[in-house]
Amino acid sequence: MSETEAPAERNWAHWSQPEFVEIDGLRTAYRRRGTGETVLFLHGQHFTRVWLPFYDELANGVDLIVPEHPGYGDTPLPPTLRSFEDYVLHYEAFTRELGLDRVHVVGHGIGGWIAANFAVHHPSRIASLTLMTPRGLRTAAGNGQDPFRLLEHELRAAYFNGREAGFGEYFEQQGGVEDILQREVEGRAQALVSWNPRYDWRLEHRLNRVSAPTLVLGVDDDRYVPGAVAERYAELIDGAVLRTVPGTAGAPSGHMAHVEQPGEAAAPVLAHVAAHPAR
């Protein structure tokens, strides 16, 4: 059973009250808004403990569920987390606990990597799949920058193509040491599953198991994960459609297009979901 419990008072930008559900003993935080087709959004490495404008755009058209991965936000890091298969087991149980038979799955960045694995291992549970600037595959252009070698300001610059100054409110929460410690915990969760290598060669040979209609969203100029990774996903998943979220005002779109351009990023996701109803 799920329940709403108020964490300690929080006043940072875009914070919203989470709900919690016990999954194999792990108190898992999630947020849910909207009506319509149910969409499970698997977040990337940042932007936990907030409700993004992008989520509002999606929730205007669907029943949107945004959980926080084990080790992220208000979901503790379990001692057993070691692989993407552990994330798959968690989310298979999470969707069952919420009474969801088939669900649309959308993932950004490392969340796209998780989403792809979910679709590989449980193809019948996925109504549609959307991968947004996903990580997880190797290409001739590389597999993306090493987040463990970048300073925080370098990471943000790569995310936003040098436009990060306008998005500080999405990173700053408690401030100072508390934010640093939160990033450390979430970085540890990332390292446990993707430190070395930062791709999964097995996934390349498993993506043929994906049977859900798949949309892969790339951007004009991804400085964190090469655009070739999105292209590779589209090549390996049968019938996948590759599209680009275009930039605005003469600026090419970047890795965090869903934060910079929530409406433009949400539109193709909503159209893809609408075209492939779960029932």
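Read-outs: derived from the displayed coordinates by stated rules, not from any lab. This is a predicted model, so every value here is computed, not measured. Cβ atoms come from the backbone with ideal geometry, glycine included; neighbour counts cover every protein chain shown.
Long hydrophobic helices in the chain: the complete DSSP H runs spanning 18 Å or more by Cα along their own axis with mean Kyte-Doolittle hydropathy of at least 0.0 are 262-275.
Would you work out if the range 20-75 is rounded, prolate or oblate? Take a ≥ b ≥ c from the square roots of the eigenvalues of the alpha-carbon gyration tensor; rounded if a/c is under 1.5, else prolate when a/b is larger than b/c, oblate otherwise. If you can, show how the numbers build up before the last one.
On the way: a/c = 2.61, a/b = 1.51, b/c = 1.73.
It comes out oblate by the Cα gyration axes.
Rounded to whole Å and ordered largest first, report the semi-axes of the equivalent ellipsoid of the chain derived from its Cα gyration tensor (root of 5λ). Spell out each step's value before the answer.
Numbers: eigenvalues 113, 106, 77 Å².
Ellipsoid half-lengths, sorted descending, are 24, 23, 20 Å.
Distance between the modelled labels on residue 179 and residue 77, one decimal in nanometres: 2.0 nm (7 Å Cα→Cβ projection).
Taking loop as defined by DSSP and a crowding limit of 14 other beta carbons within 10 Å, which trypsin sites (Lys or Arg not before Pro) in the range 133-225 fit? Could the numbers behind the result be given before it?
Details: sites: 135, 138, 149, 156, 163, 183, 188, 198, 202, 206, 209, 223; in loops: 135, 138, 149, 163, 198, 206, 223.
Here the sparse-neighbourhood loop sites are 149, 163.
With a sphere of radius 13 Å drawn around the Cβ of residue 249, what net charge do the other residues whose Cβ falls strictly inside it have (Lys, Arg +1; Asp, Glu -1)?
Numbers: positive: 163; negative: 220, 260, 264.
My count for the surroundings of residue 249 gives -2.
Here the chain is scanned for chymotrypsin sites (Phe, Trp or Tyr not before Pro) in DSSP loops (not H, G, I, E, B) that have at most 15 other Cβ atoms within 10 Å, and the longest stretch holding none of them is 16-147.
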